[in-house]
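Right, one structure below, let's go through it.
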Amino acid sequence: MYGLENLEMELNTENKDLIVFVEIDRCMSDAVQAITGCSMGKRSLKQMNYGKFAATFYKISTGEAIRITDVDANSKEEKTETKEELIERFKNTPNEELFNIQKVKIKIDENDLPGKPRERAFCSVCNEKVMDGNHLIINGKEICKSCAGDPYYTII
């Protein structure tokens, strides 16, 4: 909510002018998706997986971007409050004390923008379609990243 507010975007509306980069694959990512309406399927939620409680809100039309980090998550001091105390503190603490904001510049490839795929290729090794510029050209041939490198799976 704080990110939307800082970019002067409305809450509870479909923001086709917004991309959010989340830096962790935990519950915070679900919260960002629920509040902003951004999703991986719409290509407006980008998973960076740096293991950090941080998110960058990018306004496509202006190029304005802010990165927001959680003050508590980045504190070396361990909090010993109950869930109820935590909720109460969050309700009564100004956003400026809960979060740090940095203005940032986003470098984004046209293939990473929401909308229809801008580029399609077929891997010359596995013959599978690769969309949005996610292929490599090796020795003049289009090759998907999994065939070109270290895939997360092994065909058995």
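Here is how the numbers come out for the structure above:
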item	result
Condition met for ILE24 (in the same structural domain as PHE99 (by TED's automatic domain parsing), surrounded by 14 or more Cβ atoms within 10 Å (Cβ to Cβ) and touching a strand residue (DSSP E or B) at 6+ places or on another chain (Cβ under 8 Å))	yes
Candidate set: segment 103-151, residues that are within 30 Å of ASN74 (Cα to Cα) and touching a Ser or Thr at 6+ places or on another chain (Cβ under 8 Å); chosen: the one surrounded by the fewest Cβ atoms within 10 Å (Cβ to Cβ)	VAL104
Some residue of segment 74-88 being surrounded by 12 or more Cβ atoms within 10 Å (Cβ to Cβ) and more than 21 Å from the chain's Cα centre (by Cα)	yes
Restricting segment 82-103 to residues that are part of a strand (DSSP E or B) and of a type in the set (A, V, I, L, M, F, W, C), the residue that is farthest from PHE57 (Cα to Cα)	PHE99
One residue from PRO114, PRO94 being closer than 29 Å to LEU4 by Cα and within 20 Å of the chain's Cα centre (by Cα)	PRO114
TYR2 vs. criteria within 23 Å of LYS116 (Cβ to Cβ) and either touching a strand residue (DSSP E or B) at 6+ places or on another chain (Cβ under 6 Å) or of a type in the set (Ser, Thr, Tyr) (or both)	no
Identity of the residue in segment 45-64, more than 16 Å from GLU10 (Cα to Cα) and touching a residue at least 40 places away in the same chain (Cβ under 8 Å), that ends up farthest from the chain's Cα centre (by Cα)	GLY63
Residues of segment 52-66 satisfying the condition of being surrounded by 10 or more Cβ atoms within 10 Å (Cβ to Cβ) and either touching a helix residue (DSSP H, G or I) at 6+ places or on another chain (Cβ under 7 Å) or over 11 Å from VAL22 (Cβ atoms) (or both)	PHE53, ALA55, PHE57, TYR58, LYS59, ILE60, THR62, GLY63, GLU64, ALA65, ILE66
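The values are calculated or read from the model by the stated rules, or taken from the named source; none is laboratory data. Keep in mind it's a predicted model, so treat the numbers as computed, not measured. Every residue, glycine as well, gets a Cβ built from its backbone with ideal geometry; the counts of neighbours run over all protein chains shown.
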